[in-house]
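Let me begin by presenting the structure, written as structure tokens, before commenting on it.
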């Protein structure tokens, strides 16, 4: 894919964050859009903001955890846009909860969106993408698909799964000598509302929900707009792997150098934070 002009892109999670930024960037480049999100109100706001661009925009209220709904989404996109070139499986949610305290309900909720939503989106659109001469799939994993951290077991599991699923797909497309390209994206701290809107679940005193949210905001150095530009640049360069944000590169190197011992960093860091919290509490 050499450019996005007059192409058709389907984006899930398009009502906010990276998804909305991708929609805005692609619209400015003349790309027609099929925007999907479970939040109808915010999805409408994004579409209204882009109305002046003149590109064709369709809106689809979608729960990506529903396979039939995703398959109908793909069918409707083909009917309304008469083709598809770029599919970005971006929709995702957050959950902070220890394995011991985590409910199966919360675990399944996250996996159904963050992992199965990617699987459904990929499989629903892949046959249609193979009919196009310019075709690309983008599956959004995370730096948490590269390394694990406390209270993120469910999120880690989903994002590791997206990575494995996507890398296997890349190999299959190569074997087939398919023209369909595929990129797995690993964003780090992106300034979005995913943490604020996520579920904190049941966590012991060692992990405080407000502190977890504040920690995310503190280390979210990359804007959604910058992330969108980096993702689309990776598409045009046919990159199979895209690290988004300077901290993503740093943590990728850190994990490669210390593939098993890196966990001690998070263990000691959490213990130190607990000690400091207790010290402040005792002084108060």
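Read the figures in this text as sums done on the coordinates, not as results from a lab. It should be emphasised that the depicted structure is a prediction, and the values quoted were computed from it without experimental measurement.
Based on the Cα gyration tensor of region 1-139, what are the three equivalent ellipsoid semi-axes, each the root of five times an eigenvalue, rounded to whole Å and given largest first?
Working: eigenvalues 143, 57, 31 Å².
Over the Cα atoms of region 1-139, the semi-axes work out to 27, 17, 12 Å.
For a test of the definition: using alpha carbon positions, the gyration tensor, and the 1.5 limit on a/c, classify region 49-130 as rounded, prolate or oblate.
Prolate shape, in that a/c is at least 1.5 and a/b is the bigger ratio.
On a full-extension model of 0.36 nm per residue, what is the gain between residue 263 and residue 82, subtracting their alpha-carbon distance, rounded to one decimal in nm? Kindly include the intermediate steps, with their values, before the conclusion.
Details: separation 181, 0.36 × 181 = 65.16 nm, distance 4.85 nm.
My answer for the length gained is 60.3 nm.
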